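Contents: one structure, followed by commentary.
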């Protein structure tokens, strides 16, 4: 939703604002608080927004009713940033009239921009981050990671000259409901106070960003088969370089991927069998958006690679995961936006979900399709996401012993694994690993592929019926 619907609601006449604000769902960029809140408590939400991607806090409307703000609270809110945040949160407080019941109330609207540095509460020395529809207090380790990521985020604020696509900026302003596109870009932190454009602005709205940032493109490669061969054995069916500003890249890359993705016959929403992609579009589109929005643009000489195989699709994006990440549980990823201003604009334009929610959605879509979970692999300088077209019997998985499920997940994630690789991943002895894998083979879950018992290239793979 971003804040588009919020801004539209705030532009309504007083007799309509109350119902509109109360009908909006709280989100990554929007929260309501009642008129009895203190400025100190409201500052926690302002801090959380500033440490994420900005947002709008409405005070005086909550729990299904509008109670407005008293003059003292309004004055406290106007002083909130100075009194309760360090460094001072970049926020603006406005007042709108809202009719509720038989009364007209004053409702405070606190618009918070992205902070250039990590913001914490002045007295309590606590740091909050907006994650979905809640303010999450960060641990010491997470605060340290956020500080590092904020340093990286400064790159999108680096001044850079570039000709902007006026049609694109005008369409963005129209989508947000803003009357002045240039003021909107400044409000989003994409244009500096001295009217200089930034790296983020050029990436999003430049006529040809690649003239200055040649690495900022998406390459879509279609391989024949399930492996990427080299030399004369390489079988490329397509190799497409997608350039332009980010909104155009996302639209064009989506078209190219959809064109190159293999299809299978499946039951559609209309109740008929027909061709569908081997991987659900909602899942791979989230992967594409996450790669483009959250990559490290400060890493030159590398680009986003989308590799389409007969049995999977892979996204590799420059830069490691921002924040503290447990790759053993990706759906629980804590949100740290490396490019918060780029992420905010893409959310305004309704490209994909927020980082954490988008990953959860990928898992849901793959599971609804009966396919293996998304696989995230982090290298020294990139993140690779693999979406496999491998069917999974989740009812069977639920009945398997815990160690069997672990072994199956290891082998599914890699497509194939040697006995030694499973041994290392499980952290058990080789005899125990061999007995486990043989038992799974006898149960019809795995297939061993090799020329002999001593074949160094032998491996295990999930059995396909």
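None of the figures in this text is laboratory data; all of them are computed from the coordinates on show. If you're wondering where the values come from, they're calculated on a predicted model, not measured in any experiment. All Cβ positions, even for glycine, are placed from backbone atoms using ideal geometry, and neighbour counts span all protein chains on display.
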message = Can you tell me the orientation of helix 140-153 relative to the chain, as the angle in degrees between its alpha-carbon axis and the longest Cα principal axis, to the nearest 10?
response = 80 degrees
ask   = What value, in deg cm²/dmol to 500, does the helix sum -39500 (n - 2.57) over DSSP H runs of n ≥ 4 give at 222 nm once divided by the residues of the chain?
value = -11500 deg cm²/dmol
ask   = On average over all directions, what projected area in square nanometres does region 75-192 have, based on the convex hull of its Cα atoms?
value = 10.3 nm²
query = For residue 186 and residue 95, what is the calculated FRET efficiency with R₀ set at 25 Å and r taken between the beta-carbons, to the nearest 0.05?
reply = 0.65
key: Cα convex hull of region 394-462, projected area averaged across orientations, nm²   = 4.4 nm²
message = To make sure I understand, if each residue's beta carbon is the centre and we count other beta carbons within 10 Å, what order do 423, 161 fall in, fewest to most?
response = 161, 423
note = Ordered by fewest other Cβ atoms within 10 Å, a rough proxy for footprinting exposure, 95, 218, 176 read 95, 176, 218
ask   = Taking N as the number of residues in region 4-138, what is its alpha-carbon radius of gyration divided by 2.2 N^0.38 Å?
value = 0.99
task = Work out the FRET efficiency for residue 424 and residue 302 from their Cβ-Cβ distance, taking R0 = 22 Å, and round it to the nearest 0.05.
result = 0.15
ask   = Once the Cα atoms of helix 430-442 and of the chain are each reduced to a long axis, what angle between those two axes, in degrees from 0 to 90 to the nearest 10, is obtained?
value = 80 degrees
message = Please report Rg (one decimal) and Dmax (integer) in Å for the Cα set of the chain.
response = 25.1, 85
query = What order, most packed first, do the peptides 431-440, 289-298, 339-348, 125-134 have when packing is the mean number of other Cβ atoms within 10 Å of each residue?
reply = 339-348, 289-298, 125-134, 431-440
Cα-projected label distance for residue 65 with residue 239, points at 7 Å along beta-carbon direction, nm = 6.7 nm
inquiry  = Angle check, please: helix 355-368 long axis (alpha carbons) against the longest principal axis of the chain (alpha carbons), in degrees 0 to 90, nearest 10.
reply    = 40 degrees
